[in-house]
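Student: Got a structure for you, written out below as C-alpha cells; questions coming shortly.
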Amino acid sequence: MQKVMFNHFNINVSDIERSAEFYERALGLKRVGNLDAPDGSYKILYLGDGNTSFRLELTWLRDKVGKYDLGDNEFHLAFETDDYEAAHARHKAMGCICYENPEMGIYFISDPDNYWLEVLPAKR
C-alpha cells in the first residue's frame, strides 16, 4: 500500500492574529509558514510544534460574516504534554478550560472561535 502521512489540519478563524497568539500562548505552537491571497480574500497561517511535521492551518476569510457554526463541536484536536499539571495551571489562568474529565485524566480548552482542543498527559 502507498505510504500516506498526516500533513495538516485546517480550521477557519475570525481573527488570525488573535488565534495565532492564543495557540502560541496556550500550546507553544509557532508560525512555520503563511500564504496570503493576492486579492486579500484570505490569509493562511501554518503553525507547528517544532517536533513533528504536522501543521495546524489557520484560515481567515475576508468575506466571512458572523461566527462559524461548529455544530455540536464533536470533532477536536488532541495535544499531548509532558507537564500536564503546568499546562493545566496555565490554561486555568488563561480561563480557557471548557471541560474537564478527571476520571480520564484529560481536559479541553476552547480557542477564540470556540474550537475544542483536548489536552492529555504524555505516555498514557
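The values are calculated or read from the model by the stated rules, or taken from the named source; none is laboratory data. The model shown is predicted, which means the values in this text are computed figures rather than measured ones. Ideal geometry is used to build each Cβ from the backbone, glycine not excepted, and the neighbour counts take in all protein chains shown. All accessible areas refer to the heavy atoms of the entire protein, side chains included, with ligands and DNA or RNA removed. Shrake-Rupley method; radii C 1.70, N 1.55, O 1.52, S 1.80 Å.
Student: Just one of (1) open to solvent by less than 70 Å² (accessible area, probe 1.4 Å); (2) among the polar types (S, T, N, Q); (3) within 21 Å of Ile109 (Cβ to Cβ) trips up Thr52, so point out which.
Tutor: Condition not satisfied by Thr52: (1).
Student: Also, quick follow-up: Within the range 55-109, track down each residue that is touching a Leu at 6+ places or on another chain (Cβ under 9 Å), exposed (fewer than 12 other Cβ atoms within 10 Å of the Cβ) and closer than 16 Å to Glu24 by Cα.
Tutor: Hit for the range 55-109 is Ala78, nothing else.
Student: Specify the residue that is modelled with the lowest pLDDT; the eligible residues are those in the range 56-94 that are under 16 Å from the mean Cα position of the chain (by Cα) and among the small types (Gly, Ala, Ser).
Tutor: The residue in question is Ala78.
Student: Another question, then. Pull up the range 31-49, narrow it to residues that are in contact with a Phe, Trp or Tyr (Cβ under 9 Å, 6 or more places away or on another chain) and within 25 Å of Ala87 (Cβ to Cβ), then point me to the one that is most open to solvent (accessible area, probe 1.4 Å).
Tutor: The initial filter retains those residues of the range 31-49 that are in contact with a Phe, Trp or Tyr (Cβ under 9 Å, 6 or more places away or on another chain), namely 31-36, 42-45, 47-49.
Retained after the next criterion (residues that are within 25 Å of Ala87 (Cβ to Cβ)): 31-32, 45, 47-49.
Numbers: Arg31: 120, Val32: 87, Leu45: 14, Leu47: 3, Gly48: 5, Asp49: 68 Å².
Residue satisfying both the conditions and the ranking: Arg31.
Student: Can you name the condition, by its number, that Leu27 falls short on among (1) at pLDDT 95 or above; (2) open to solvent by 80 Å² or more (accessible area, probe 1.4 Å)?
Tutor: In the conditions (1) at pLDDT 95 or above; (2) open to solvent by 80 Å² or more (accessible area, probe 1.4 Å), Leu27 misses (2) alone.
Student: Here is a follow-up. For the range 39-54, give me each residue that is hydroxyl-bearing (Ser, Thr, Tyr), in contact (Cβ under 8 Å) with a residue 12 or more places away in the chain and over 11 Å from Ile16 (Cα atoms). Before you say what the answer is, go through the steps one by one.
Tutor: Here is the first cut: in the range 39-54, the residues hydroxyl-bearing (Ser, Thr, Tyr) are 41-42, 46, 52-53.
Next, only the ones that are in contact (Cβ under 8 Å) with a residue 12 or more places away in the chain stay: 41-42, 46, 53.
If the condition is that a residue be hydroxyl-bearing (Ser, Thr, Tyr), in contact (Cβ under 8 Å) with a residue 12 or more places away in the chain and over 11 Å from Ile16 (Cα atoms), then Ser41, Ser53 are the ones that fit.
Student: Continuing with the same structure: Is it the case that the range 91-99 has a residue that's touching a residue at least 60 places away in the same chain (Cβ under 8 Å), touching a strand residue (DSSP E or B) at 6+ places or on another chain (Cβ under 6 Å), in a strand (DSSP E or B) and over 21 Å from Asn7 (Cα atoms)? I'd like the intermediate steps shown before the answer.
Tutor: Filtering the range 91-99 for residues touching a residue at least 60 places away in the same chain (Cβ under 8 Å) gives 91, 94, 96.
Pick out the ones that are also touching a strand residue (DSSP E or B) at 6+ places or on another chain (Cβ under 6 Å) and you get 91, 96.
Narrowing further to those that are in a strand (DSSP E or B): none.
No - not one qualifying residue is present in the range 91-99.
Residue by residue, here is whether (1) acidic (Asp, Glu); (2) within 22 Å of Glu57 (Cβ to Cβ); (3) part of a helix (DSSP H, G or I); (4) in contact with a Cys (Cβ under 7 Å, 6 or more places away or on another chain) holds:
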| residue | (1), (2), (3), (4) |
| --- | --- |
| Ala78 | no, yes, no, no |
| Ala89 | no, no, yes, no |
| Phe108 | no, yes, no, yes |
| Asp113 | yes, yes, no, no |
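Student: If you go through the range 30-38 one residue at a time, do you hit one that is assigned to a strand (DSSP E or B) and either small (Gly, Ala, Ser) or touching a helix residue (DSSP H, G or I) at 6+ places or on another chain (Cβ under 6 Å) (or both)?
Tutor: Step one: filter the range 30-38 for residues assigned to a strand (DSSP E or B), giving 30-36.
Add one more test, that the residue is either small (Gly, Ala, Ser) or touching a helix residue (DSSP H, G or I) at 6+ places or on another chain (Cβ under 6 Å) (or both), and what stays is 33.
Within the range 30-38, one or more residues are assigned to a strand (DSSP E or B) and either small (Gly, Ala, Ser) or touching a helix residue (DSSP H, G or I) at 6+ places or on another chain (Cβ under 6 Å) (or both).
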